[in-house]
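Have a look at the structure below before the remarks.
The values are calculated or read from the model by the stated rules, or taken from the named source; none is laboratory data. Remember, it's a predicted structure, so these values are computed and weren't measured experimentally. As a convention, Cβ positions derive from the backbone with ideal geometry for all residues, glycine included, and neighbour counts pool all protein chains shown. We work out accessible area using only protein heavy atoms, side chains counted, and drop any ligands, DNA or RNA first. Shrake-Rupley method; radii C 1.70, N 1.55, O 1.52, S 1.80 Å.
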Amino acid sequence: MNALDSLLSSPVFGVTVTVGFYVLSLHVQRRWLWLHPLFLTSGGTILLLILADIPYESYAKGGDIITFFLGPATVALAVPLYKRRYEIREHFIRIVGSITVGSAVGIVSSWFLVFTFGGSWDLLIASLSKSATSAISVELSRSLGKPPELAAVLTVLTGLTGSMLGPLLLRLLRLDGAIPLGLAIGTASHGIGTSRLMRDNEQAGSYAGLAMGITGIVISILFIPIVWWLH
């Protein structure tokens, strides 16, 4: 095994590539604020692996280490929520109601688009849960024997699109308050959108984290009955 093969087989390679692209993405985002660093990081990583003909398995040895820290990072979202517990308690019914309606609209709109353009049954199943976080959408698709990879791709694309275009669209609609912004982005764009808001506005990011969690519960409850009904 030469030095290059040794480097590619080491977890250091995956970690270095991911962190390196992310740091570069942060610098690019200073010029184009609407770009999400994850969009550039994932795109750059994919291009590198394709152009250099590097097996994904080699990258995953280090990439999986970073993936491991998603769990603690998600749990850490409870801290800003705790700071606003009284505010959340005061508006809890309206918050849950708006998130539930938003989740239902996301499911219905997914069905409408797939049905209109003649998408496959596998695509429909994957798209119905795309507004939930990837851990939930993947398991929902797997539970019905459908490709979890397709659900993961659609979920990530939904999060990236919502995080980059969602705030702009909401501001054009004059919905620029921290609470409606956070609830809308968290409901539609799960963790990717939440992380974007958390960097810009902690209050909006807190409500996005709350919306992300409730959306996952709502979609998990609605998913199976809706699939049975459609089938």
### Alpha carbon centroid spacing (whole Å) that separates the range 79-145 from the range 170-227
10
### Task
Stick to Cα atoms and the Kirkwood definition of Rh, then tell me Rg/Rh for the chain.
1.00
### Task
Using just the helices of the chain, give the 222 nm mean residue ellipticity in deg cm²/dmol: DSSP H runs with n ≥ 4 each add -39,500 (n - 2.57), and the total is spread over all residues, rounded to 500.
-27000 deg cm²/dmol
### Dipole of the chain [Lys/Arg +1, Asp/Glu -1 at C-beta], most positive-end residue of Ala135, Leu210, His27
Leu210
### Message
Modelling each spin label as a point 7 Å along the Cα-to-Cβ direction, I'd like the Leu35/Arg89 distance in nm, to one decimal.
### Response
4.5
### Proximal aspartates and glutamates to Lys130, defined as alpha-carbon separation beneath 16 angstrom and excluding residues fewer than eight positions away on the same chain
Asp122, Glu139, Glu149
### Query
By the scheme Lys and Arg +1, Asp and Glu -1, what is the net charge of all other residues having a beta-carbon under 14 Å from that of Leu124?
+1
### Sequence of Lys146, Lys83 when ordered by accessible area, the most exposed leading, probe 1.4 angstrom
Lys83, Lys146
### Query
Where does helix 202-230 land angle-wise versus the long Cα axis of the chain, in degrees 0 to 90, nearest 10?
80
#### Entry: Relative intensity, log₁₀ I(q)/I(0), of the range 1-54 from a Debye sum that treats every alpha carbon as a point, q = 0.15 Å⁻¹
-0.47
#### Entry: the range 135-231: proportion of alpha-carbon pairs further apart than 23 angstrom, %
29
### Task
Pop out the ³J(HN,Hα) list for the range 177-189 in order, Karplus 6.51 cos²θ - 1.76 cosθ + 1.60 with θ = phi - 60°, rounded to Hz; leave Gly and Pro as x.
x, 5, 5, x, 5, x, 5, 5, 5, x, 5, 8, 10
### Rg/Rg_globular for the range 28-146, with Rg_globular taken as 2.2 N^0.38 Å and Rg from C-alpha atoms
1.40
### Query
How long is the gain from Ser109 to Leu70 if the chain were fully straight, where each residue apart is worth 0.36 nm and the alpha carbon distance is subtracted?
11.2 nm
### Query
So if we plug the beta-carbon distance of Asp200 and Ser220 into 1/(1 + (r/R0)^6) with R0 = 41 Å, what FRET efficiency do we get, rounded to 0.05?
0.90
### Query
Given labels modelled 7 Å from the Cα in the Cβ direction, how far is it in nm from Arg174 to Thr116?
2.7
### Query
How large, in percent, is the carbon and sulfur part of the accessible surface of the chain at a probe radius of 1.4 Å?
72
## Note on the structure
Taking a probe of 1.4 Å and leaving out DNA, RNA and ligands, the chain shows per residue an accessible area in Å² of 57
### Query
Roughly how large, in nm² to one decimal, is the mean projection of the convex hull of the alpha-carbon atoms in the range 66-123?
6.4
